[in-house]
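Engineer: Mind looking over this structure? Questions follow.
Nothing in this text is a laboratory measurement; each read-out follows from the coordinates by a stated rule. Source: prediction; values computed, not measured. Cβ sites come from the backbone with ideal geometry, for glycine too, and all protein chains shown count toward neighbours.
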Amino acid sequence: MGGFYELPKIRYGYGELAPHISELQLTIHHTKHHQTYVDNANNAFKKLDAANKEGTDLDLKAFTKELSFNIGGHVLHSIFWDNMAPPGKGGDKPGGVLADAIDKSFGSLERFKKLFSTTATSVEGSGWAVLTYSPDTDRLMLMQVEKHNVNVMPISAILMVLDVWEHAYYLDYKNLRGKFVEAFWNIVNWDYVNERLKDFI
Ligand code: MN
């Protein structure tokens, strides 16, 4: 009880996703942006612990919103690092149950990539494109998350995410989000996404 979040280590070197994501871009994204969400989620818990100890009231509307945003940021970033791999290891195409599920839910891999890319490029402001799995319907689904927590479907298991906040790509691609989304397909860790799906089906 009473534990806190920690910034997870990335399984590859900061420079290894280049040229699709540069070393500087990935370093700042992980050590500054992701760290901030971890710190802010933990600070919210510290505030709760202190209020519990003192027996004082909390503004629960603000508190739960703060938690939702920062925990959402932490969890999505943690999956994001893992669902990428250096070019050569990542990219190519999915296999296993994932390949079948993509065909069943979207018709073909090409069609899925097009739909996922459009989900990513059309996020208003800051957010994420997310591939989910719903056990209720045995279907893969697309989810477009605004910020880190808006439009989240609570029933869905998250399989793969793409961060399209400007902080994810601005150093490398400036305002060209579409170029970043295109580059993402070269570094998708399909094996990891397939393993996540296997945990849920
Ligand atoms: Mn981010």
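Engineer: In whole Hz, with x marking every Gly and Pro, tabulate ³J(HN,Hα) for segment 16-25 from phi via Karplus 6.51 cos²θ - 1.76 cosθ + 1.60, θ = phi - 60°.
Structural biologist: Running phi through 6.51 cos²θ - 1.76 cosθ + 1.60 with θ = phi - 60° gives 7, 8, 5, x, 6, 9, 6, 4, 5, 4 Hz.
Engineer: May I pose another question? Could you tell me which residue out of 73, 142, 34 lies farthest along the dipole of the chain toward its positive end? Charges go on the beta carbon: Lys and Arg +1, Asp and Glu -1, centred on the Cα centre.
Structural biologist: Highest projection toward the positive end goes to 142.
Engineer: A follow-up question, please. As I understand it, the value is the acute angle between the Cα axis of helix 190-200 and the longest principal axis of the Cα atoms of the chain; what does it come to in degrees, rounded to 10?
Structural biologist: Once rounded, the angle reads 60 degrees.
Engineer: Describe numerically, in nm with one decimal, the distance between label points set 7 Å from Cα along Cα→Cβ at residue 155 and at residue 100.
Structural biologist: The modelled label-to-label distance comes out at 2.3 nm.
Engineer: Which of rounded, prolate or oblate describes segment 1-94 when judged by the alpha-carbon gyration tensor and an a/c cut-off of 1.5? If you can, show how the numbers build up before the last one.
Structural biologist: On the way: a/c = 3.27, a/b = 2.93, b/c = 1.12.
In terms of gyration-tensor shape, prolate.
Engineer: As I understand it, the dipole of segment 8-154 uses +1 on the Cβ of Lys and Arg and -1 on the Cβ of Asp and Glu, about the Cα centre. Which of 62, 52, 19 lies farthest toward its positive end?
Structural biologist: Checking the options against the dipole of segment 8-154, the answer is 19.
Engineer: First select every other residue whose beta carbon is under 13 angstrom from the beta carbon of residue 124; then total the charges, Lys and Arg +1, Asp and Glu -1.
Structural biologist: 0
Engineer: A further question follows. Using a simple charge model, +1 on the beta-carbon of Lys and Arg, -1 on the beta-carbon of Asp and Glu, nothing else, what dipole does segment 21-201 show about its Cα centre, in debye to the nearest 20? Please report the intermediate quantities before stating the final value.
Structural biologist: On the way: 19 positive and 23 negative charges, 53 e Å.
Here segment 21-201 has a charge dipole of around 260 debye.
Engineer: Helix 96-106 versus the longest principal axis of the chain: what is the Cα-based angle in degrees, 0 to 90, to the nearest 10?
Structural biologist: Once rounded, one gets 90 degrees.
Engineer: Please figure out what share of the DSSP beta bridges in segment 21-201 is antiparallel and state it in percent, rounded to the nearest 5. Write out the running numbers ahead of the final one.
Structural biologist: Working: 16 of 17 bridges.
For segment 21-201, the DSSP antiparallel bridge percentage is about 95.
Engineer: Across segment 128-141, in residue order, what do the Karplus-derived ³J(HN,Hα) couplings come to in whole Hz, using 6.51 cos²θ - 1.76 cosθ + 1.60 with θ = phi - 60° and x for Gly and Pro?
Structural biologist: For segment 128-141, the Karplus-derived couplings read 9, 9, 9, 9, 10, 10, 10, x, 4, 10, 6, 10, 7, 9 Hz, x marking Gly and Pro.
Engineer: Taking the Cβ of residue 15 as the center, what net charge do the other residues with Cβ under 13 Å away carry, scoring Lys and Arg +1 and Asp and Glu -1? Working shown, then result.
Structural biologist: Details: positive: none; negative: 16, 23, 172.
Local net charge: -3.
Engineer: Okay, next question. Net charge near residue 70, counting Lys/Arg +1 and Asp/Glu -1 over other residues with Cβ under 14 Å of its Cβ? The partial results should precede the final answer.
Structural biologist: Details: positive: 46, 47, 65, 147; negative: 6, 39, 66.
With Lys, Arg at +1 and Asp, Glu at -1, the neighbours total +1.
Engineer: Could you tell me how many degrees, from 0 to 90 and to the nearest 10, lie between the Cα long axis of helix 109-121 and the main elongation axis, the longest principal axis, of the Cα atoms of the chain?
Structural biologist: Helix 109-121 sits at roughly 40 degrees to that axis.
Engineer: Treating cross-link reach as a plain straight distance, find the lysines whose alpha-carbon is under 24 Å from the alpha-carbon of residue 9, omitting any fewer than eight places away in the same chain.
Structural biologist: Cα-Cα hits under 24 Å: 32, 46, 89, 147, 198.
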